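Here is the structure we will look at, set down as structure tokens.
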Amino acid sequence: MVNVFSGLPLWGIFLSGVLFGVFVLWLLSRLLVKKTNHDQTSPTATFPTIFTNLHADTQVPLAIVDKDGSLIFATTIFRKLFQFQSSEKKINLLRSFISDDRRWWREHVAVSHDQFSAKAFSLSEGSKYIYLTILKEENTPQIYVLATDLTSIYQAKEQVKKSNHDDSILYNFAPFGLLVEEDGVVRQVNKAFCSMFGLPAEALNANFWLKQLQPETATKISHALETFTIDDYSHKFVEIELKDSQGRNFWCQFTLHQEFDQGRTISYWYFIDANKQKALAQELKQSSVVFEASSEAIMIVDANKQVKMVNPAFTEMTGFAAKDIQGRSPQILGSERKDIKQLEVIWHEAERKGNWQGEVWKRRKSGERYPEWLSITAVKNKQNKILEYVAISSDMTTRKQAENRIRYQANYDPLTDLPNRNLFMDRLRQGISRARREGTMLALLFIDLDRFKYINDSYGHNVGDQLLVKVARLLKDCVRNSDSIARFGGDEFAIILSPIYGSKNASRVANLILERLSKPIDLDGYEVVSGGSIGISLFPNDGDVEEQLVKNADIAMYRAKEKGRNNYQFFTEQMQQSAQERMSLERDLRSAFSNNKLSMAFQPQMNCKTGKVGGLEVLMRWQNADKGAVSPAVFIALAEETGLIVPMGNWIMKTACEQYVRWKEKGIAPDYLAVNVSTRQFRAKNFIGTVQEVLNSTGMSSKNLELELTESMLMEDQQFAIKMLQDLRDLGLKISIDDFGTGYSSLSYLKKFPLNNLKVDQSFVKDIMDNEDDASIVKAIVDLGHTLNMQVIAEGVESEEQQELLKQYGVDYIQGYYFSKPMNADLCEKFLIKMKGLPGVTPLKRTS
Ligand code: C2E
Ligand code: CA
Ligand code: CA
């Protein structure tokens with residue numbers, strides 16, 4: 001039987017004090033959670049609330065033990081409850097238990113998989129009663145033990161017995177429910193009981209009070225009662241979930257104490273609302289999960305700024321295990337002296353202001369320095385004294401890397417490591433404002449490689465990339481460190497020279513660059529000469545905003561290209577104007593082509609032996625509404641630059657073939673049709689396929705089709721040209737070399753190309769009567785052609801004398817105004833019919 005103890009108000013206040021303290025702490029921890037969550041800049045998601053509770057001074061009787069009961073941590077109040085000395089090292093919780101309870105721990109807590117266990121324990125041979133809520137997490141070795149001191153309840157029993165129910169504090173203010181029954185009849189019931197079960201006291205002043213409760217609740221209590229043995233009646237506490245009369249669920253701990261007095265049985269029922277306890281337990285459980293499972297590294301530092309605990313994520317991130325840094329200063333995590341200094345300042349500020357967050361550099365155990373997002377919160381007690389700090393950090397290495405990468409990608413060209421257009425424009429803007437401030441000049445150089453496309457196409461992208469890298473380096477060598485270089489995209493580079501003292505400075509740099517670019521560059525064993533064209537614009541003369549300077553340098557660069565490449569040009573007003581004209585011409589050409597406004601002309605090539613029309617060369621025509629007939633020299637060149645020549649060339653090949661087939665059907669077609677092919681067309685993907693397609697769709701026979709190519713097209717990439725020519729010959733086509741003598745040909749290669757005709761350029765024909773050199777060149781070309789088994793065509797023949805001489809030289813075909821200007825299809829048809837009727841006569845006669 002339990003001893004009688006003294007004053008009721010004392011224990012009542014004590015018990016409610018504990019519960020209230022638990023509740024306040026729980027609230028406090030919730031507030032802290034919210035505060036941290038609201039901070040958007042912090043990557044921290046959850047504040048490990050356990051640590052707001054976990055300080056030794058915390059008013060929660062809590063301990064963490066291992067499965068054998070060895071104490072890992074205990075709050076002071078827990079230690080007091082169990083009378084552990086704070087100086088004691090290795091403490092075992094179980095040693096306070098009576099042997100039965102020790103067995104119970106070993107059989108239930110140590111081995112069970114239950115997360116929750118609860119039991120009342122009598123300590124020190126029955127002088128103390130403590131209710132323990134025990135929490136176990138799977139995968140963690142720690143067991144959380146939350147204690148409630150029940151000693152006073154047990155002590156109260158005597159008190160209850162003696163008190164009369166009228167005015168007792170017990171009945172009105174006790175924080176637990178109490179019901180006293182005598183031989184099954186309710187004698188006393190207190191307020192707390194009534195409100196716990198939601199019943200008025202009168203309802204219980206009857207026999208069989210259990211029946212007044214919710215049926216389910218009554219059954220649960222009865223069942224629980226069955227588990228009591230006579231011995232238990234003194235200290236057993238049961239925890240069950242019940243319903244009040246309104247249907248609200250609540251957790252309840254109860255015990256029953258019985259006394260037998262003169263044949264009467266007096267039962268004392270004590271009920272404690274365990275909801276708050278449960279909530280706290282749940283909270284702790286979640287916190288422990290957060291601590292253990294958090295992907296963020298968590299470090300608990302005591303008020304003296306010594307590391308107390310770290311979680312597994314911390315160890316994983318830093319390489320430091322708890323034992324490595326426990327008891328040491330968090331500053332040791334700094335790497336370089338300046339980092340350590342910074343951490344010192346940060347921890348100082350955390351102490352002063354209660355929190356700190358931001359980016360810091362730390363070191364891992366391996367010595368590696370890394371960036372980290374750190375957020376420190378000081379946990380304080382009611383007196384505003386710091387109890388401990390919670391430092392949460394996440395590794396920013398990958399984020400930093402990603403950030404750097406993004407910043408780099410936005411501003412740099414990864415191939416050459418040069419600034420890209422974006423960054424360059426920024427620098428140009430700054431350069432302009434500095435030049436304006438200082439009253440100096442600035443030059444903008446635009447550099448385009450002349451032969452990049454060719455090198456890239458023929459040697460492959462790898463070699464092309466290498467060329468760009470080498471050019472980037474070469475450009476750096478040509479300028480001062482203070483000048484900016486950028487890769488604008490493709491094979492375009494730009495340079496800011498700032499400041500300069502006159503345009504001469506810019507000329508000097510441009511000359512130097514051109515000189516370097518005209519020397520062979522070694523790329524993987526290939527020696528290539530890239531060459532370049534440079535356009536220059538000057539601030540303030542040619543523009544005072546960056547876009548304008550860039551545009552004008554670009555225009556000047558175009559002019560340099562037009563001037564035959566490998567030279568530089570300063571921007572002029574006149575260029576501006578022609579650039580504008582060019583742009584409007586380009587617009588017109590595009591719309592003319594898409595609206596089918598381009599047309600064809602045919603010019604006959606006369607066979608010198610038969611005196612008949614041998615073939616027809618087809619030439620493109622553009623009749624513009626405003627400008628009249630635009631010269632092919634102008635619009636074909638424009639189409640070449642813009643790439644429009646590819647669809648235009650394919651269009652004329654197809655349309656001319658259709659026309660030829662119609663003439664063929666009428667029986668008036670000459671032997672062949674000659675079509676001009678541009679470089680771009682020749683190099684376009686699947687040119688052979690396009691030709692094949694034209695033949696198939698028009699019904700043109702390949703042996704009637706001749707293609708006119710130029711020397712430079714073949715010489716640029718001879719391997720490619722040989723392959724293409726072979727394929728075309730396999731199709732059955734003939735090939736002429738147009739404008740022969742104007743370009744550069746390697747005679748040894750000429751021999752290797754499968755060619756049919758050479759067309760002597762009209763510039764030689766033009767002066768053939770007056771210039772002996774030209775005459776002997778033409779003679780030599782004819783002989784060369786014949787030696788190489790080719791037929792020779794002379795074009796631009798305007799007079800009978802020219803024609804006579806050319807015939808003497810052995811030219812096979814003659815083309816020129818002397819016989820006929822290029823004609824549209826109708827005129828040409830008439831011409832063909834007329835020629836058909838004429839017998840072959842020598843010498844040839846003018847027809848109109
Ligand atoms: P080309 O291929 O050398 O064409 C011959 C040019 O000489 C034509 O100029 C023609 O009208 C002109 N011509 C013919 N006989 C005489 C003559 O006795 N005296 C003079 N002074 N000129 C004569 P056109 O039509 O102005 O074409 C110029 C160039 O434009 C062509 O030179 C060719 O390179 C290009 N072209 C014309 N049509 C096409 C086409 O459909 N495709 C391609 N890729 N280029 C074309
Ligand atoms: Ca031609
Ligand atoms: Ca020609």
The residue that is nearest to residue 468 (Cα to Cα), considering only those in region 389-432 that are loosely packed, with under 15 Cβ neighbours inside 10 Å and of a type in the set (Gly, Ala, Ser), is 410
Answer from 797, 765 - the residue that is surrounded by 14 or more Cβ atoms within 10 Å (Cβ to Cβ), free of Cβ contacts under 8 Å to residues at least 60 places away in the same chain and touching a Phe, Trp or Tyr at 6+ places or on another chain (Cβ under 6 Å): 797
Just to be sure before I move on: is residue 621 within 16 Å of ligand 1 (Cβ to nearest atom), more than 30 Å from residue 437 (Cβ to Cβ) and among the basic types (Lys, Arg) in the structure I sent? yes
Looking only at residues in region 376-388 that are more than 36 Å from the chain's Cα centre (by Cα) and in contact (Cβ under 8 Å) with a residue 40 or more places away in the chain, which one is surrounded by the fewest Cβ atoms within 10 Å (Cβ to Cβ)? 385
Out of the helices (runs of 4 or more DSSP H) lying entirely within region 731-841, which hold 3 or more residues that are more than 14 Å from ligand 1 (Cβ to nearest atom) and among the acidic types (Asp, Glu)? 772-787
Would you confirm whether or not region 69-78 contains a residue that is farther than 28 Å from residue 178 by Cα, modelled with pLDDT of 80 or more and surrounded by fewer than 21 Cβ atoms within 10 Å (Cβ to Cβ)? yes
Restricting to region 759-778, what's the tally of residues that are within 16 Å of ligand 2 (Cβ to nearest atom) and touching a strand residue (DSSP E or B) at 6+ places or on another chain (Cβ under 7 Å)? 5
What are the pairs with Cβ atoms under 9 angstrom where one residue, in region 748-759, is over 12 Å from residue 785 (Cα atoms) and hydroxyl-bearing (Ser, Thr, Tyr) and the other, located anywhere, is within 16 Å of ligand 1 (Cβ to nearest atom) and assigned to a helix (DSSP H, G or I)? Sequence gap at least six, or different chains. 749/714
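Listed here are the residues, each with its yes/no results for (1) within 16 Å of ligand 3 (Cβ to nearest atom); (2) in contact with a strand residue (DSSP E or B) (Cβ under 8 Å, 6 or more places away or on another chain); (3) modelled with pLDDT under 95.
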{"residue": "674", "(1), (2), (3)": "yes, yes, no"}
{"residue": "684", "(1), (2), (3)": "no, no, yes"}
{"residue": "705", "(1), (2), (3)": "no, yes, no"}
{"residue": "757", "(1), (2), (3)": "yes, yes, no"}
Segments classed as strands (runs of 3 or more DSSP E), wholly inside region 405-505, with at least 3 members that are at pLDDT below 95, within 23 Å of residue 526 (Cβ to Cβ) and in contact with a Pro (Cβ under 8 Å, 6 or more places away or on another chain): none
State whether one or more residues within region 149-166 are at pLDDT 80 or above and within 60 Å of the chain's Cα centre (by Cα). no
Taking only pairs six or more apart or across chains, which ones have beta-carbon atoms under 7 Å, a first residue in region 772-786 that is charged (D, E, K, R), and a second residue that is modelled with pLDDT of 90 or more? 774/764; 774/767; 774/768; 779/809
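One line per residue, one yes/no per condition, for (1) part of a helix (DSSP H, G or I); (2) buried (at least 17 other Cβ atoms within 10 Å of the Cβ); (3) at negative phi; (4) aliphatic (A, V, I, L, M):
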residue	(1), (2), (3), (4)
639	yes, yes, yes, yes
647	yes, no, yes, no
650	yes, yes, yes, no
653	yes, yes, yes, yes
659	yes, yes, yes, no
670	no, yes, yes, no
675	no, yes, yes, yes
680	yes, yes, yes, no
689	yes, no, yes, no
Out of (1) in a loop (DSSP other than H, G, I, E, B); (2) over 53 Å from the mean Cα position of the chain (by Cα); (3) within 16 Å of ligand 1 (Cβ to nearest atom), the one residue 596 does not meet is (2)
Out of the residues in region 732-747 meeting the condition of being modelled with pLDDT under 75 and within 16 Å of residue 788 (Cβ to Cβ), tell me which one is nearest to ligand 3 (Cβ to nearest atom). 745
From the list 554, 588, 542, pick out the single residue that is more than 30 Å from residue 467 (Cβ to Cβ), away from ligand 2 (no atom under 16 Å from the Cβ) and in contact (Cβ under 8 Å) with a residue 12 or more places away in the chain. 588
Can you confirm whether region 628-651 contains a residue that is within 15 Å of ligand 1 (Cβ to nearest atom), of a type in the set (D, E, K, R) and more than 22 Å from residue 831 (Cβ to Cβ)? yes
Right, residue 692: more than 16 Å from ligand 1 (Cβ to nearest atom), in contact (Cβ under 8 Å) with a residue 40 or more places away in the chain and touching a helix residue (DSSP H, G or I) at 6+ places or on another chain (Cβ under 9 Å) or not? no
Return the total of residues in region 791-810 being within 16 Å of residue 607 (Cβ to Cβ) and within 16 Å of ligand 2 (Cβ to nearest atom). 6
Flagged in region 728-762 as among the hydroxyl-bearing types (Ser, Thr, Tyr) and closer than 28 Å to residue 704 by Cα, in numbering order, are 736, 742, 745, 749
Of 710, 742, which residue is free of Cβ contacts under 8 Å to residues at least 40 places away in the same chain, over 25 Å from residue 808 (Cβ atoms) and within 16 Å of ligand 2 (Cβ to nearest atom)? 710
Which condition number does residue 366 fail, the rest of (1) assigned to a strand (DSSP E or B); (2) farther than 22 Å from residue 303 by Cα; (3) hydroxyl-bearing (Ser, Thr, Tyr) being met? (1)
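The values are calculated or read from the model by the stated rules, or taken from the named source; none is laboratory data. Worth saying up front: this structure is predicted, and the values here are computed from it rather than measured. Don't worry about glycine lacking a Cβ; one is built from the backbone with ideal geometry, like all the others, and counts go over all protein chains shown.
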